[in-house]
Structure formats: C-alpha cells, structure tokens
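J.: Pasting a structure here, questions to come.
The values are calculated or read from the model by the stated rules, or taken from the named source; none is laboratory data. Here the structure is a predicted model, which is why all the values come from computation and not from measurement. Because the Cβ atoms are built from the backbone with ideal geometry, glycine has one as well, and the counts that use them run over all protein chains shown. Ligands, DNA and RNA are stripped out before the accessible areas are found, and what is left, the full protein with its side chains, is counted by its heavy atoms. Shrake-Rupley method; radii C 1.70, N 1.55, O 1.52, S 1.80 Å.
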Amino acid sequence: MFKKMIYFALILFSTSVFGDDHEMAGPFYAFYHFAAPDPAAVVAAMDKFWASDCGKKYPADAGLNQEVFNGGYQSTHFIINTFKNAADQQEAAEIMRSCPSAITFLNEMSAAGVEWVSQYIGMAPIDENDWGQDSVFSKWDLIVEPENQAEYAAAFAKMTTALSEDTDIRSYGLGSIGYGRNNFTNWVWFGARSIVEMDKINSQIMGHPAVVEFNRTAGSMRKVVNTTQVQTLKLYPRNN
C-alpha cells in the first residue's frame, strides 16, 4: 500500500501537465478523489502537513471537499489543488518527493483507510466570482467532443451571462480536463454559501429562458456523466 501511495503522489504532483509550451499558463485545477472511512483522520493528517515547514512552502491553495451525493461514484471526498502555473506544479512535485512531512502525510492517509479512486487536472476557461467564497456546489461531469468544445463554451458563457443579470447565482464555471479524461472531458459548477441558498438558486435557474435556450442549442453537444452535490469541509490557503 505504501508503494502504491508514493506512486500515486508522484502522478498527482507531476511536473508539467500540458507541456513546455504552457509553462506559465494557469491556473490549473487538480482533483484527487478518494474514499475515506475516517474523515476526521483525513482532516488531522492534512492539518498536520499544512502546519509543517514543507506544508507552509506548498505552492497551491487546497480544499478538502465531501461528495454529499454523487450517484455511484466510489469516492466520498476529494482534494482540489489550485496551481497558479506549471512552475508551482514542479515545486509541489519536489516537496512530495523529498519532504519527510509529505511521506508522513501519505502514511497517515493510508493508516486512515483512504483508498484513492481517481485524479484529473485541467483549466477553467470560464471561472467567475471566486468559488473560494462559497462552500456548497452543484457539479456536473460532462463529455463534450473536441469539435464541440469552443461552441459549447460560448453557449455556456451566453447562458450564465443572462443568468447573472436576473438570478442570484454566485460562483460558476466550466472546466476542461487536460490529463485524466478517461471518464469525462469537462466539469461545470455553480456555488452557494449553503444548501438552502443553493436550493434557491436552483429554483431560479430551473426553467429560466436562458437555460431553455442553452439546452435547445447546446444540449446535444454534451453527455452528462454524473451530477454531484459538494460541500467544502476545509480550505488550506498557500502560505507563499
């Protein structure tokens, strides 16, 4: 199990996601999904790592999230890391390879019964209103074929611009996976500060003319793989 964890960590913190031509591009959003039978132990392990000298140097904002409802997915939680650019990914890789605190973190996650399920990383061509200010999210995992990516993004932008004018939507966005797209190619999210507020937003969106038009023009461009209700448990801002 320990060797498996180390191998997984090296993959997760790989140095260059989209190649040398995109060295300074970003931000990159890296998702690490896992099943956790003891969530409290996961929080304790993450707290300990981020309080360590190496954790204080870790070049990413991180968030621990619970998948409250996620259909048949095996994962119960995920960590999302926000890297500003590929240089940050490379620095993170070196920390995870060489820092004793990182090895301890992986050992403690293993001891807590964590089973890693999936990982993917990508960029968000549409990313509005600082999702870090929200704590509840509706997330859609989608398959959009390459030839439809640009048109789908344009339709999504048109819809959300209209929604912003006469609904209470807060953060929202459309992400595109670079690596790890074996199950889906894109993700969409809408954020809120509570489940009650998310329910209110959903009721405003449902049947809105902009959504009806979006489904009419862009619905056939995508396949919905899954929908998830996500709740942020704790944020770990970068210190440097």
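J.: I'm told Leu10 meets every condition in (1) modelled with pLDDT under 95; (2) open to solvent by 30 Å² or more (accessible area, probe 1.4 Å); (3) within 18 Å of the chain's Cα centre (by Cα); (4) among the hydrophobic types (A, V, I, L, M, F, W, C) except one. Can you identify the failing condition by its number?
T.: (3)
For (1) under 13 Å from the mean Cα position of the chain (by Cα); (2) assigned to a strand (DSSP E or B), each residue gets a yes or a no:
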residue: Lys139; (1), (2): yes, yes
residue: Ile143; (1), (2): no, yes
residue: Tyr152; (1), (2): no, no
residue: Ala162; (1), (2): no, no
residue: Val212; (1), (2): no, no
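J.: Can you give me the number of residues within the range 167-205 that are farther than 21 Å from Phe31 by Cβ, assigned to a helix (DSSP H, G or I) and touching a residue at least 24 places away in the same chain (Cβ under 8 Å)?
T.: Looking only at the range 167-205, we keep the residues that are farther than 21 Å from Phe31 by Cβ, and these are 167-169, 193-197, 199-205.
Subset that is assigned to a helix (DSSP H, G or I): 195-197, 199-205.
Remaining after also requiring touching a residue at least 24 places away in the same chain (Cβ under 8 Å): 195, 197, 200-202, 204-205.
Number satisfying all stated conditions: 7.
J.: Please specify each residue of the range 113-137 satisfying the condition of being open to solvent by 20 Å² or more (accessible area, probe 1.4 Å) and not in a strand (DSSP E or B).
T.: Residues satisfying the conditions are Gly113, Asn129, Asp130, Trp131, Gly132, Gln133, Ser135.
J.: I've got another one for you. Considering each residue of the range 228-240, count those that are part of a strand (DSSP E or B) and open to solvent by less than 70 Å² (accessible area, probe 1.4 Å), and give that number. Walk me through it before giving the result.
T.: Kept after step one, since they are part of a strand (DSSP E or B), are these residues of the range 228-240: 228-236.
Keeping just the survivors that are open to solvent by less than 70 Å² (accessible area, probe 1.4 Å) gives 228-232, 236.
Of the residues in the range 228-240, 6 are part of a strand (DSSP E or B) and open to solvent by less than 70 Å² (accessible area, probe 1.4 Å).
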